[in-house]
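> Below is one structure. I have some questions about it.
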Amino acid sequence: MLKLLVFVLVLAAIFWGRRLISQMGKASRPRASSKQAPNAERMLACHRCGLHVPESEGVTQREHFYCCDAHARGQDD
Ligand SMILES: [Zn+2]
């Protein structure tokens, strides 16, 4: 009977521990939800055409921000 009690306690500890780890994982990964919350990301204007795009989707070159590779290279489309 004591073995059964220990077994149940171990199962409860594993269950509780996994819940704690999954909660910590959610808290330490705020970037995973960046696609669903575009408002949280900084919008920057393209130095060439003025289009506003999220910082992660544009290109930063020679201290200027561009909406795409073509504008970063100084080409038209
Ligand atoms: Zn542009």
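A short reminder: the numbers here are calculations on the coordinates, not readings from a lab. Remember, it's a predicted structure, so these values are computed and weren't measured experimentally. Note that we place each Cβ from the backbone using ideal geometry, even for glycine, and neighbour counts take in every protein chain shown.
> Just subtract the alpha-carbon distance of Thr60 and Ala12 from 0.36 nm times their residue separation and send over the number in nm, one decimal. Mind dumping the intermediate values first?
Values: separation 48, 0.36 × 48 = 17.28 nm, distance 5.08 nm.
Here the answer is 12.2 nm.
> Under a 5 Å amide H to amide H cut-off, with H placed in plane at 1.01 Å, what residues pair with Tyr66 once short-range neighbours are removed?
Here the answer is His47, Val59, Thr60, Gln61, since their amide H atoms fall under 5 Å of that of Tyr66.
> Highest mean first, what order results for 41-50, 10-19 on Cβ atoms within 10 Å? Present the calculation step by step, with values, prior to reporting the outcome.
Numbers: 41-50: 14.3, 10-19: 10.0.
For the peptides 41-50, 10-19, the packing ranking is 41-50, 10-19.
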